[in-house]
Structure formats: C-alpha cells, structure tokens
Amino acid sequence: MWKATGEGPQASQNHMVRIKPRLFAGLDIGSSKVSFVIGQVNQEERLEIIGVGKTPCNGMKNGVVIDIEATTQAILKAKEEAELMAGYQVDRVLLSIGGSHIKSFDSKGMVAITNEEISESDVKRVIDAAKAVAVPSDREVLHILPKKFRVDEQDDISAPVGMSGVRLEVSVRIITGGHTAIQNAVKCTERTGLKVDAIVLEQLASALAILSEDEKDLGAAVVDMGCGTSDLIIYSNGSVSYTASLSIGGRHVSNDIAVGLRTPQSAAEEIKKKYACALASLVNEEESIEVPSVGGTKTRSVLRRHLGEIVEPRVEETLNFIHNEIQASGLAEMLGAGIIFTGGASQLDGLVEMGEFVFDLPVRRGAITKVAGLKDVVRSPDFATAVGLIIYAKDNAAKNAVVWEQESKVNQFFHRFKNFFREVN
Ligand SMILES: Nc1ncnc2c1ncn2[C@@H]1O[C@H](COP(=O)(O)OP(=O)(O)OP(=O)(O)O)[C@@H](O)[C@H]1O
Ligand SMILES: [Mg+2]
C-alpha cells in the first residue's frame with residue numbers, strides 16, 4: 001500500500017520502532033479537476049488527512065472519460081502532489097464514479113432461518129437473495145445497500161443478527177453503473193500504476209463526508225453540485241433510498257455569464273466565483289464590476305445586479321430539476337434534516353437562500369468535519385467526494401476487523417478488503 005518517501009508523520013513520532021501507518025487513498029475524477037486525498041488513522045482512531053493533490057482536468061464529461069491521456073496525466077500529477085505532502089507513496093486507491101450512467105433500484109430477498117437465531121451468514125444469504133436480479137451485461141453492480149430487514153411479522157429492523165425467527169427478509173437499494181464508463185475510469189487510474197481497491201458512487205462518498213448518522217436517520221437529501229453534473233442521494237430511516245444524476249452544474253452558470261456579459265470563459269468563471277449571486281434581489285443596486293471584453297484588453301463596467309439577473313434563471317432551473325427529482329422519489333415528506341449542498345458549485349452566493357425558496361425545507365451547505373489533519377485544505381466542498389472515499393475505506397476496513405500494525409498483515413488486509421467488496425457487491 002505504501003512506501004515512506006521521507007520520514008513520514010508516523011515515523012518521526014517513533015524514532016526507534018517504525019510502525020506501519022494505516023493509510024487510505026481516495027481519487028475523485030471530476031469534470032473540472034482530479035483530486036487525490038491520502039488519510040491516515042491516528043492513535044485515537046480518527047482519520048487524519050496527511051496529503052492532498054488537485055489538478056485541473058477536462059478529461060471527464062458527465063461521469064464518462066472523454067480523454068484518457070489527459071485524465072491519466074492529471075491523476076498522476078494529483079497523486080504525486082498528495083504523496084509529496086504526505087511523505088508516503090501509495091499504490092492502492094478507492095475511486096469514485098458518478099454521472100448519468102448510474103442507475104439505482106430497489107430489490108427484495110427472503111430466506112428461511114434454519115437455527116432459530118439469525119446469524120451473520122443468514123444476513124449474507126438474504127442479501128445474496130436480494131441481489132439475484134438480472135443486470136444487463138453492459139452494467140456493473142457498484143453497491144448493494146441494505147435498507148431494512150423484516151423478521152417474520154416484525155418490520156423496520158436495522159440489525160437482525162441474534163434475533164429469533166423463522167423467516168428473514170431484506171429490502172436493498174442496488175446501484176449499477178455503465179460497464180464502459182467504469183472500465184475507462186479504472187483504466188486511467190491503473191495507467192498511473194495504482195490499483196483500484198473499490199469503486200464508490202460519487203454522491204455516496206460525498207454524503208459520508210458531510211452527513212451525521214442522526215441526519216441519515218431523520219432523512220436528508222445531499223446534492224453534490226459539481227462542474228458538469230448535480231448528483232443527488234436521499235437517505236431515509238438511516239439508509240440510502242434514492243439516487244439520481246442531473247447533467248447540469250456550475251459550468252452552465254459560467255457559460256451563461258460568458259454569453260450574457262460577452263466575456264471569455266476564464267473571466268466568466270472568475271466573475272462567477274467572486275461576484276455572482278443566485279438571487280439578484282440580494283445584490284446592491286448600485287454596485288458595479290469590471291468585465292473584460294472578448295478578444296480585447298478593454299474592460300467594461302457592469303452592474304452586479306445585472307450579473308445576478310443572468311445567473312438567477314439558470315440556478316433556479318437547476319434547483320427546480322432537483323426539486324422535481326425529490327418529488328419523483330416520493331421521499332419529500334421524509335426529509336427531516338432537509339437538503340444539504342456540497343460540491344464546488346454549492347459555494348455560489350445566494351444558493352442556500354434560493355434553495356429555501358424552491359424546496360420549502362431547511363437548506364444548508366455541508367461541512368467536512370469528520371476528519372482531522374489538513375482540515376483547512378480539504379474544507380472546500382470540492383474535496384467532499386475524495387474525503388468521503390477514505391471515510392468509506394476506513395469504515396469498511398473496521399468491519400473486517402483487520403490488525404494493521406504488523407507489517408505482514410498489510411497485504412493480507414488488502415486481500416480481505418477486496419474480498420469484502422466482492423462479497424458485498
Ligand atoms: N466560489 C465559487 N462560487 C461558485 N461556483 C464555484 C466556486 N468555486 C468553484 N465553483 C464551481 O464549482 C464547479 C466545480 O466543482 P467540483 O470541483 O465539485 O466539480 P467536479 O467534481 O470537477 O465536477 P463533477 O462532479 O460535475 O464531475 C465549477 O463549475 C466551478 O466554477
Ligand atoms: Mg464532483
């Protein structure tokens with residue numbers, strides 16, 4: 001998994017005995033950038049971010065690689081940046097995947113309990129029964145997420161192991177992705193010398209980074225607003241109940257600004273980040289900004305309110321699409337914790353205010369609070385997915401009860417880690 005390139009944080013604390021660190025790496029290939037995060041589990045069992053890398057990249061569109069070489073180079077650069085910061089080299093990674101090729105649906109399974117008391121193997125059997133559905137050959141199953149169990153007539157059970165009964169049922173959410181899209185993302189990653197240990201749904205990883213268990217129980221919708229897509233995941237009663245991906249994101253707002261203000265794309269992008277507000281009425285009527293002209297060095301003075309008027313309809317349209325998707329899920333009444341935004345485009349000024357207006361629910365921006373270490377660097381919401389990936393890795397490693405500290409166990413861990421994902425998926 002790792003090789004110390006310098007002393008490394010753990011090594012410097014342990015001059016005599018070099019303890020193998022428990023490292024995890026997450027790779028998020030977005031439509032605008034590649035981010036790479038390396039985390040380490042510290043002595044208090046907390047995840048500490050020890051290395052991050054981010055490289056602009058346009059090699060991915062709508063969750064599908066459109067330029068293998070550019071994507072590979074960007075991964076390599078982000079990885080090296082993160083490794084340099086961490087002082088370790090990594091050779092395995094968790095990879096996120098998203099976009100409109102992702103589909104999810106419900107399935108059910110039922111098994112008879114032979115020994116009266118439900119065991120771990122009964123739970124595994126019932127999940128196996130639920131995943132026995134025909135998946136087209138051009139799709140791959142990414143996750144099988146148990147929602148709730150039922151033991152005989154008793155419903156809404158979250159942990160059935162140890163209970164008495166004769167019949168165990170489960171309902172699960174199955175998430176699948178397009179085979180070609182997944183394979184091409186894996187190919188780019190492997191071309192950099194990395195092995196992909198698991199592939200995780202992008203918005204599932206983002207939600208892990210920002211949602212608390214209480215919020216999942218109360219019901220919450222997480223919207224990861226990226227450059228090219230807005231990805232939705234809905235939790236109700238503690239588990240994933242719905243996912244969707246809309247092909248609209250921050251890039252569309254920048255395009256509108258470029259056309260509306262007749263300014264180059266790069267200037268539109270900067271103007272959006274610095275001055276745009278989703279609700280034009282929140283902007284001071286008098287305030288003006290300088291806007292570069294296309295092809296010239298001259299700038300023009302434009303009212304900031306006018307910029308708001310360009311941005312507002314696009315953001316309103318995006319939020320209405322998300323609102324329609326939430327209504328279509330049938331879960332709108334279950335969102336006690338409201339809507340939580342993350343992803344780079346969620347930083348747009350006025351988004352929360354417009355969100356409250358469109359959704360008529362509590363709306364907020366998510367904060368990445370579950371990790372220590374380089375918190376300030378990864379606080380930005382465009383790191384939510386990559387940070388969520390290493391949280392996912394740690395959670396699933398814990399389930400396998402792996403002893404990490406001994407060198408000989410390191411390879412064994414990954415063997416088990418891989419088997420775990422093979423079993424779950
Ligand atoms: N301060 C800001 N205000 C508004 N928008 C912003 C701000 N900072 C970044 N963005 C926008 O966020 C978007 C990038 O977000 P992010 O990094 O989450 O996307 P991505 O992961 O590359 O794309 P995707 O998830 O769609 O594949 C860009 O459109 C960028 O313009
Ligand atoms: Mg993204």
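Read-outs throughout are calculated quantities, based only on the coordinates presented, and are distinct from any laboratory measurement. Bear in mind the structure is a predicted one, so any value in this text is a computation, not a measurement. Methodologically, a virtual Cβ is constructed for each residue, glycine included, from the backbone with ideal geometry; neighbour enumeration extends over all protein chains shown.
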In nm, the gap between the two label points placed 7 Å beyond Cα toward Cβ at Ser380 and Ala159 is 3.9 nm
Length-normalised contact order of region 103-177, Cα under 8 Å, at least 6 apart, in percent, tallies to 47 percent
Taking 380-386, 358-364 and ranking on average Cβ neighbours within 10 Å, highest first, one gets 380-386, 358-364
Compactness check, region 103-177: C-alpha Rg relative to the 2.2 N^0.38 Å globular estimate gives 1.13
Taking Lys and Arg as +1 and Asp and Glu as -1, residues besides Leu204 with C-beta under 13 Å from its C-beta add up to -3
Scoring only Lys, Arg, Asp and Glu (+1, +1, -1, -1) among other residues with Cβ under 13 Å from the Cβ of Gly238 yields -1
Note to self, the chain gives a 222 nm [θ] from helices alone (DSSP H runs n ≥ 4, -39500 (n - 2.57) apiece, / all residues, nearest 500) of -11500 deg cm²/dmol
Of region 226-258, those with amide N under 19 Å from the point 7 Å along the Cα→Cβ vector of Glu333 are 234-239, 241-242
Exposure proxy check on Thr55, Thr71, Thr192: fewest-to-most Cβ neighbours within 10 Å is Thr55, Thr192, Thr71
Note on the chain: contact order normalised by length, alpha-carbon pairs under 8 Å, 6 or more apart, percent, works out to 18 percent
Pseudo-spin-label distance Ala70 to Arg167, built 7 Å along Cα→Cβ, given in nm, is 5.6 nm
Inter-part gap, Cα centre of region 162-188 to Cα centre of region 195-245, in whole angstrom, is 15 Å
Going residue by residue through region 387-392, the Karplus relation 6.51 cos²θ - 1.76 cosθ + 1.60 with θ = phi - 60° gives ³J(HN,Hα) values, rounded to whole Hz and with x marking Gly or Pro, of 5, x, 4, 6, 5, 4
Of every Cα-Cα pair in region 96-245, the percentage lying beyond 23 Å is 45 percent
When the chain is treated as a Gaussian network with springs between alpha carbons less than 10 Å apart, the largest mean-square fluctuation among Val90, Val378, Val133 is found at Val133
Rounded to one decimal in nm, the spacing of the 7 Å Cα→Cβ label points at Ser293 and Asp360 is 4.8 nm
Expected max-MSF residue from Gly63, Gly295, Gly165 in the GNM of the chain (alpha carbon, under 10 Å) is Gly295
Expressed as a percent, the portion of alpha-carbon pairs in the chain spaced more than 28 Å apart is 52 percent
Counting sequence-distant residues (5 or more places) and residues on other chains, those with an amide H built under 5 Å from that of Val34 are Thr55, Cys57
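Suppose R0 equals 56 Å. What FRET efficiency, 1/(1 + (r/R0)^6) with r the Cβ-Cβ distance, do Asn255 and Met110 give to the nearest 0.05? Don't skip to the answer; put the middle values down first.
On the way: r = 50 Å, r/R0 = 0.89.
Using R0 = 56 Å, I get an efficiency of 0.65.
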Note: Ser121 to Asp91 extended length (0.36 nm per residue) minus current alpha-carbon separation gives 7.6 nm
Per the 1/(1 + (r/R0)^6) rule, R0 = 35 Å and r from the Cβ atoms of Ala134 and Thr369, FRET efficiency to 0.05 is 0.25
Given unit charges at Cβ for Lys, Arg (+) and Asp, Glu (-), the dipole magnitude of the chain about its Cα centre in debye, nearest 20, is 1340 debye
Computed on Cα atoms, the radius of gyration and Dmax of region 314-371 in angstrom are 11.7, 34
Here the alpha-carbon Rg of region 244-321 over 2.2 N^0.38 Å rounds to 1.09
